[in-house]
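What follows is one structure encoded as structure tokens, with my remarks underneath.
Nothing in this text is a laboratory measurement; each read-out follows from the coordinates by a stated rule. A quick note: this is a predicted structure, and the numbers were derived from the prediction, not measured. Note that we place each Cβ from the backbone using ideal geometry, even for glycine, and neighbour counts take in every protein chain shown.
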Amino acid sequence: MNVQTRHPYEGLLHKYTNAMKGWQYRWFILSPETGELHYFLSESEKNQRPRCSIYLAGAVIAPSDEDSNTFTVNSATGKISNILN
């Protein structure tokens, strides 16, 4: 029996915060087990409670009109996040 362990994907991305602060670096973790995208202020905080979690089931993920590196996550709950890889 071959059991495959699915490891989370994690790394540094830009997240649009607001018009005043603009784009900020954040540490993201994508959990294939739960289908959630979590973000933290920095990698050193990844063992703490996430700053925000987005459940991706039912979410719409689309490229942005701004450029070829930006995408938008519209969660099923209505939360919208702009992310730059």
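Within a 10 angstrom radius of the beta carbon, how do Val60, Val73 rank from fewest other beta carbons to most?
Taking fewest neighbouring Cβ atoms as first place, the list is Val60, Val73.
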**Asked** Exactly which trypsin sites (Lys or Arg not before Pro) in region 9-85 are in a DSSP loop and have at most 10 other Cβ atoms within 10 Å?
**Response** Lys21
**Prompt:** From the square roots a ≥ b ≥ c of the eigenvalues of the alpha-carbon gyration tensor of region 9-84, which class results: rounded (a/c under 1.5), prolate (a/b over b/c), or oblate?
**Reply:** oblate
**Asked** Residue-wise, which Karplus ³J(HN,Hα) couplings in Hz belong to region 44-49, taking 6.51 cos²θ - 1.76 cosθ + 1.60, θ = phi - 60°, and x for glycine or proline?
**Response** 5, 9, 5, 8, 9, 5
**Item:** Likely footprinting exposure, Ile61, Ile54, fewest C-beta neighbours within 10 Å first
**Value:** Ile61, Ile54
**Request:** Compute the distance in nm between two label points, each set 7 Å from the Cα along the Cα-to-Cβ direction, one at Lys79 and one at Thr34.
**Result:** 1.1
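What is the chain's relative contact order, in percent, from Cα pairs under 8 angstrom and six or more apart in sequence?
RCO, the chain: 22 percent.
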**Asked** Given H placed 1.01 Å from N in the peptide plane, which residues other than close sequence neighbours of Trp23 have an amide H under 5 Å from its amide H?
**Response** Thr17
**Message:** On a full-extension model of 0.36 nm per residue, what is the gain between Asp65 and Ser44, subtracting their alpha-carbon distance, rounded to one decimal in nm?
**Reply:** 4.3 nm
**Asked** Which whole-Hz ³J(HN,Hα) couplings does region 53-62 yield from phi under the Karplus relation 6.51 cos²θ - 1.76 cosθ + 1.60, θ = phi - 60°, glycine and proline marked x?
**Response** 10, 10, 7, 8, 5, x, 6, 10, 10, 9
**Residue exposure sequence - Leu30, Leu12, Leu37 - by fewest surrounding Cβ within 10 Å** = Leu12, Leu30, Leu37
**Request:** Select from Gly11, Gly35, Gly22 the residue whose mean-square fluctuation is largest in a Gaussian network model of the chain (Cα-Cα springs shorter than 10 Å).
**Result:** Gly22
**Fill in**
The aspartates and glutamates whose Cα lies under 19 Å from the Cα of Lys79, excluding any fewer than 8 residues away in the same chain, are Glu36, Asp65
